[in-house]
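Novice: First the structure, then my questions, so here it is.
Computed from the coordinates by the stated procedures, all read-outs in this text should not be read as laboratory data. This one's a predicted model, so the numbers in the text were calculated from it and none came from an experiment. Here the Cβ positions follow ideal geometry from the backbone for every residue, glycine too, while neighbour counts run over all protein chains shown.
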Amino acid sequence: MIDRKKLELLACPQCAGTLTLYIDEQNNDAETLICRHCQLGYVVEDGIPNMLIDAARNLAEPAITENS
Ligand SMILES: [Zn+2]
């Protein structure tokens, strides 16, 4: 779990905007920091957010679904 205090210090590297923590309970409580402005999701691994824009998930694109 990411530290709330740490979260308050973090800003989107692209727009310097506020990030929202999203916890995916369907996926082992995987944490993602969301920037709604940029539609980017920064993945948190072991409590450490990966703030690289290149590594962020583009939330504007449709979610990749497994073959169905
Ligand atoms: Zn942003």
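Novice: How much net charge surrounds PRO49 when only other residues with a Cβ under 11 Å from its Cβ are counted (Lys, Arg +1; Asp, Glu -1)?
Specialist: Neighbour charge sum, excluding PRO49 itself: -3.
Novice: Work out the FRET efficiency for ASN58 and LEU10 from their Cβ-Cβ distance, taking R0 = 30 Å, and round it to the nearest 0.05.
Specialist: 0.95
Novice: Follow-up. In nm, what is the difference between 0.36 nm times the number of residues separating ILE2 and ARG36 and their Cα-Cα distance?
Specialist: Fully extending the segment from ILE2 to ARG36 adds 10.3 nm.
Novice: Would you calculate, for the chain, the mean residue ellipticity at 222 nm contributed by helices, counting each DSSP H stretch of 4 or more residues as -39,500 (n - 2.57) and dividing by all residues, to the nearest 500?
Specialist: For the chain, the value works out to -2000 deg cm²/dmol.
Novice: Then there is this: Using the Cα centre of the chain as origin and beta-carbon charges of +1 (Lys, Arg) and -1 (Asp, Glu), tell me which of VAL44, ALA11, GLN26 is placed farthest towards the positive end of the dipole.
Specialist: With unit charges placed on the Cβ atoms, the residue in question is ALA11.
Novice: Would you mind listing how long segment 4-56 runs along its three principal axes, going by Cα atoms, in whole Å with the largest first?
Specialist: 29, 23, 16
Novice: At 7 Å along the Cα-to-beta-carbon direction for both LEU21 and VAL43, put a label point, then send me their distance in nm to one decimal.
Specialist: Distance between label points: 1.9 nm.
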